[in-house]
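Heads up, the thing below is written out as structure tokens.
Derivation of every value follows stated rules applied to the coordinates shown; laboratory data play no part. Since we're looking at a predicted model, the values are computed, not measured. For neighbour counting, all protein chains shown are included, and Cβ atoms are generated from backbone atoms with ideal geometry for every residue, glycine included.
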Amino acid sequence: MADERKRFYKGSGIAKHREWRGLKDTFYDYLQWVVNLGILAQFAAKSPVRIVKGLFEYRWFGGYIGALHMTDKCTAGLRGPALRTAHIQMHAIMKGTTGMLADSMIGDRRFGDTDAADKFVMLEQTMCPEIVAGFPNLKALPLEVLQGLLGTYMDQNLAPFYMDIMENVGLPADSCRLSANAAGVAINDDYPEVGACLITNNMPCDSSTMNSQLIERRIKIPTTVAGIPMRWEDESTDRYALAQMKEVIKFIEDTTGEKFDEKAFFKVMKQHNKEVRNEFEVWEYAKTPYTAFGNVISPLFHAFYFTFSGGSMPYIDKAAKKALKVAEKAYKNKTVSFDKARHRMITWGGPGCYFVDFNTWAYNCWGVLVPAQMDMFSGNVIISEDDLDDALLGIAHNYERGVMRRHLTGGYQHLLEVWDEAEKFNCDMVLVYDDITCKGAMGLAGVVNDQAKDKNKHLVWVQNDMFDHRTISRNEMRRQFSEYMTAVMQEEPLDESLVDFDDYEGW
Amino acid sequence: MKKKLLIGALSVVPLSMLIYWFNLDNKLLYYGVRPILNKVYNSYQRNVSL
């Protein structure tokens with residue numbers, strides 16, 4: 001029986017030493033660690049003074065020092081082709097994230113007025129980056145995601161500070177943690193003062209509307225709201241969606257003085273389509289027992305490029321193709337990369353972002369491989385490469401099918417797509433996250449339970465509080481899942497030491 | 001001088017391997033840098049009224 005947990009300090013979850021994966025894979029992992037250090041060095045070199053100032057100015061920035069730890073957590077237990085695809089995809093995520101962080105600091109007016117500040121169009125929450133594609137002199141830069149979601153993946157202690165600020169001024173404590181964190185960052189004046197303008201959007205819930213209002217009060221640049229239809233299957237909403245896209249483009253033109261460039265726009269759309277086609281190929285491998293894609297990094301890679309790239313980050317396509325080559329070779333050689341897998345499970349609903357490596361843990365502790373999760377099915381729309389109106393509508397469609405929209409507010413039937421996807425990805429288990437502050441998903445719990453009974457499927461619910469580990473800790477999530485594995489699946493853990501352990505104080 | 005440079009360059013690899021294997025990077029960041037950053041952040045007074 002393995003005793004992996006001995007490798008970590010109690011409480012902090014910091015490893016005493018890194019994982020031994022056999023000589024070849026450990027040496028490979030070491031080399032990828034060196035590559036990651038190189039990416040971080042490039043990041044620091046972009047604007048050392050402003051980046052250091054940012055690190056000391058913004059509490060959320062401090063969460064990013066857990067980046068290397070997060071990589072270790074997400075690649076735990078991986079060997080061979082699975083380790084390789086994970087690192088390839090992770091490098092692209094790191095490159096993109098550090099690039100956006102550097103841009104935020106380079107353009108931050110808090111550290112001195114700079115022309116660079118006006119080169120960015122700020123996008124609130126998951127607003128689609130494709131909308132900036134027709135402006136080659138401008139760059140899309142996310143607001144909120146850097147200060148919340150991405151940071152929480154690295155440090156579970158990042159968001160609670162901001163959520164407490166939000167609650168201390170009397171705002172509702174039962175609102176979505178993503179919005180609560182975004183509102184707290186705004187109230188604490190912790191958003192960088194960067195950008196020529198800000199595009200907010202009608203995110204799908206009441207708490208999100210609340211944080212948009214608070215952000216607007218604190219941000220000193222012109223803002224507009226992109227109202228994107230929720231009921232994306234209804235064709236009658238298309239005209240409205242297209243008009244909204246055009247309004248946003250006009251707003252960018254008016255506030256930046258830049259003109260929309262069709263040629264540049266279609267170039268990015270071609271790149272967007274490449275990213276989507278790569279994803280479809282990944283799925284084909286993920287459906288097989290010889291997949292090199294699984295656990296957490298592959299879905300994370302998808303969510304990353306959907307939210308931030310949209311065709312504008314050329315290294316995303318390169319990384320995806322490199323990973324696909326590894327996967328193709330593994331498939332041809334019938335290499336079983338996840339040899340501990342006893343079950344295949346799809347995960348659905350809003351995950352606990354402070355437990356980003358839940359899938360990795362489920363694999364190492366219980367031999368449960370996750371080849372697919374809900375976020376992978378966000379976006380994935382092929383956009384026209386030659387007709388402007390069609391392309392703009394394509395962007396709207398891609399966004400309407402996006403994270404938190406497609407399944408949670410796009411009509412109840414889409415949340416129930418889980419059974420079809422489980423079938424396609426050959427999963428014998430379904431995990432649905434009960435995100436306790438997401439009212440959209442909660443309303444369907446009974447229907448999901450009934451359908452599981454009708455379909456005779458193994459369904460497990462795991463509660464989480466999205467950004468707040470104090471309410472439902474990582475160990476509590478592990479306990480709920482382990483209880484199901486023992487009581488219902490009648491399984492013994494592969495590694496007893498991973499069932500119950502303390503990492504509450506950790507990153 | 002050249003010899004010193006060569007020795008310096010050659011020792012980078014085993015040194016980095018040691019840092020990697022004993023997870024010294026994360027230990028330094030978690031137990032060293034993080035508490036300092038938290039002290040700095042906690043010292044700030046911000047206007048948090050709506």
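Things to note:
- Here the relative contact order of region A:83-218, from alpha carbon pairs under 8 Å that lie six or more residues apart, stands at 28 percent.
- Out-of-range pairs (alpha-carbon distance over 29 Å; input A:Lys46/A:Lys73; A:Lys24/A:Lys457; A:Lys6/A:Lys318; A:Lys73/A:Lys119; A:Lys95/A:Lys325): A:Lys24/A:Lys457; A:Lys6/A:Lys318; A:Lys73/A:Lys119
- Backbone N under 11 Å from the A:Ala445 label point (7 Å along Cα→Cβ), restricted to region A:456-498: A:461-464
- Across region A:4-498, C-alpha contacts under 8 Å between residues 6 or more apart give a mean separation that, scaled by the residue count, equals a relative contact order of 17 percent.
- Per-residue Karplus couplings for region A:119-127, computed as 6.51 cos²θ - 1.76 cosθ + 1.60 with θ equal to phi - 60°, are listed in order as 8, 10, 9, 7, 10, 7, 6, 9, 3 Hz, Gly and Pro entered as x.
- Shape category assigned to region A:4-498 from the gyration tensor of Cα positions, a/c cut at 1.5: rounded
- Sorted peptide list for A:361-369, A:41-49, criterion being average Cβ within 10 angstrom, highest first: A:361-369, A:41-49
- Under the criterion of Cα pairs below 8 Å and six or more residues apart, the relative contact order for region A:350-495 equals 28 percent.
- Taking amide H atoms as placed 1.01 Å from N in the peptide plane, the amide H of A:Leu123 lies under 5 Å from those of A:Leu141, A:Leu143, A:Ile199, each 5 or more residues away in sequence or on another chain.
- Residues whose amide H falls under 5 Å from that of A:Phe8, counting only those 5 or more places apart or on a different chain, are A:Lys16, with hydrogens built in the peptide plane.
- Shape category assigned to chain B from the gyration tensor of Cα positions, a/c cut at 1.5: prolate
- Shielding by other protein chains, A:49-60, mean Cβ within 10 Å: 2
- Pairs from A:Lys139/A:Lys263; A:Lys220/B:Lys39; A:Lys287/A:Lys321; A:Lys270/A:Lys329; A:Lys139/A:Lys274 whose Cα-Cα separation, in the structure shown, is over 25 Å: A:Lys220/B:Lys39; A:Lys270/A:Lys329
- Length gained on full extension, A:Glu505 to A:Ala2, computed as 0.36 nm times the residue gap minus the Cα-Cα distance: 178.7 nm.
- Angle between chain B longest axis and helix B:34-43 axis [Cα atoms, degrees, rounded to 10]: 30 degrees
- Charged side chains reduced to their Cβ positions (Lys and Arg at +1, Asp and Glu at -1) give chain A a dipole of some 1660 debye around its Cα centre.
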